[in-house]
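One structure is given below, encoded as structure tokens.
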Amino acid sequence: MKIITVAALKGGVGKTNFVFNLSTILSLKKQKILLIDLDPQGNLSRYFKVSTQESKSKKLFLQNIKILNDEIIVSWNYKDINIDIIPTNISMTTLEKELIGRSAVDSILQRTFIKNLDFFKKYDYIIIDTSPSLNLINRNALLISDEIILISDNSIFSLDAINMLFSNWSAICEDLGIKNNINTIVLNNFDHYKISKDFTQYITNSSFKNKILKTKIPRKQILKKSEFTGIPSILLGKIENHIYNNLFNELKDKEII
């Protein structure tokens with residue numbers, strides 16, 4: 001079991017699209033996948049056409065005893081792809097208020113995983129989608145992660161967000177005496193225009209240069225289309241030539257997955 005959290009402080013960088021497409025190619029590689037949607041917008045849940053009357057992922061924070069079961073899981077199947085997801089919705093916005101008064105609030109999710117290890121360890125990968133912030137809920141997700149992947153587009157605001165998230169999380173890790181596990185930055189929505197080339201050159205010469213994947217995700221309609229159709233883009237062309245196959249191979253080589 002490996003836990004991966006996908007994060008960003010800037011919205012609109014394609015974080016959820018990345019989670020959707022990465023999880024589908026991992027499933028095609030015969031890995032058992034669980035996705036956890038911690039973003040109150042519930043965009044990842046909607047990718048999988050999941051509609052829920054309650055935020056099932058809230059139960060990971062509110063049930064303080066070992067009672068998790070498959071009722072919080074929604075299974076999604078499309079052709080050869082099989083993925084489980086713990087969905088959420090807008091009711092997730094009240095969670096931080098509901099946690100007021102609880103002890104060690106930054107490690108609630110960690111304790112839930114420990115108490116329910118048998119429930120989670122059947123999965124090869126657990127991938128967590130987060131909101132664009134470093135709030136209490138996201139700190140819980142980062143704390144339990146084996147790997148943290150940051151997503152960036154080609155804007156200066158995205159670069160500022162990477163700097164801020166990395167700096168703030170580094171300070172938290174230092175306080176807790178743990179290793180900063182942000183080892184990967186994925187450049188998303190890039191094209192052949194000068195702004196993308198300039199951004200790539202700048203960030204690859206920065207302190208993050210060893211964390212940036214060589215495989216950049218291009219701005220292509222075939223990738224955007226998956227948002228509306230719910231069909232993984234990996235199925236819309238030859239898998240061996242698909243950008244996410246290249247991404248998978250690089251992540252595998254770097255031992256991120």
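Every number in this text was worked out from the coordinates using simple rules, so none of it is lab data. These numbers come from a predicted model, not from an experiment. Cβ coordinates were reconstructed from backbone atoms using ideal geometry, including for glycine residues, and neighbour counts include every protein chain displayed.
Contact order for the stretch 2-253, expressed relative to its length and based on alpha carbon pairs under 8 Å spaced 6+ residues apart, stands at 27 percent. Does the stretch 120-240 classify as rounded, prolate or oblate by the C-alpha gyration tensor (a ≥ b ≥ c root eigenvalues; a/c under 1.5 gives rounded; else a/b over b/c gives prolate, otherwise oblate)? Here the stretch 120-240 falls in the oblate category.
Among the trypsin sites (Lys or Arg not before Pro) in the stretch 42-94, those placed in a DSSP loop whose Cβ has at most 15 other Cβ atoms within 10 Å are Lys49, Lys66, Lys79. Note on the chain: along the principal axes its Cα atoms extend 52, 45, 31 Å, ordered by decreasing extent. At q = 0.12, 0.17, 0.22, 0.23 Å⁻¹, what is the log10 ratio I(q)/I(0) for the stretch 1-78, with the Debye formula run over Cα points and no solvent? For the requested q values the scattering log ratios are -0.38, -0.78, -1.26, -1.35. For the stretch 189-238, chymotrypsin sites (Phe, Trp or Tyr not before Pro) meeting the loop criterion (DSSP other than H, G, I, E, B) and having at most 11 other Cβ atoms within 10 Å: Tyr193.
The string of couplings for the stretch 46-52 from the Karplus curve (6.51, -1.76, 1.60, θ = phi - 60°) is 6, 3, 8, 6, 9, 10, 10 Hz, one whole number per residue in order, with x for Gly and Pro. Of all complete DSSP H helices in the chain, those with a Cα span along the helix axis of 27 Å or greater and a mean Kyte-Doolittle hydropathy of 0.0 or more are 156-176.
Loop by DSSP (not H, G, I, E, B), at most 13 other beta-carbon atoms within 10 Å: where is the longest site-free stretch of the chain for GluC sites (Glu not before Pro)? Kindly include the intermediate steps, with their values, before the conclusion.
Numbers: sites that count: Glu54, Glu255.
So the longest stretch without any such site is 55-254.
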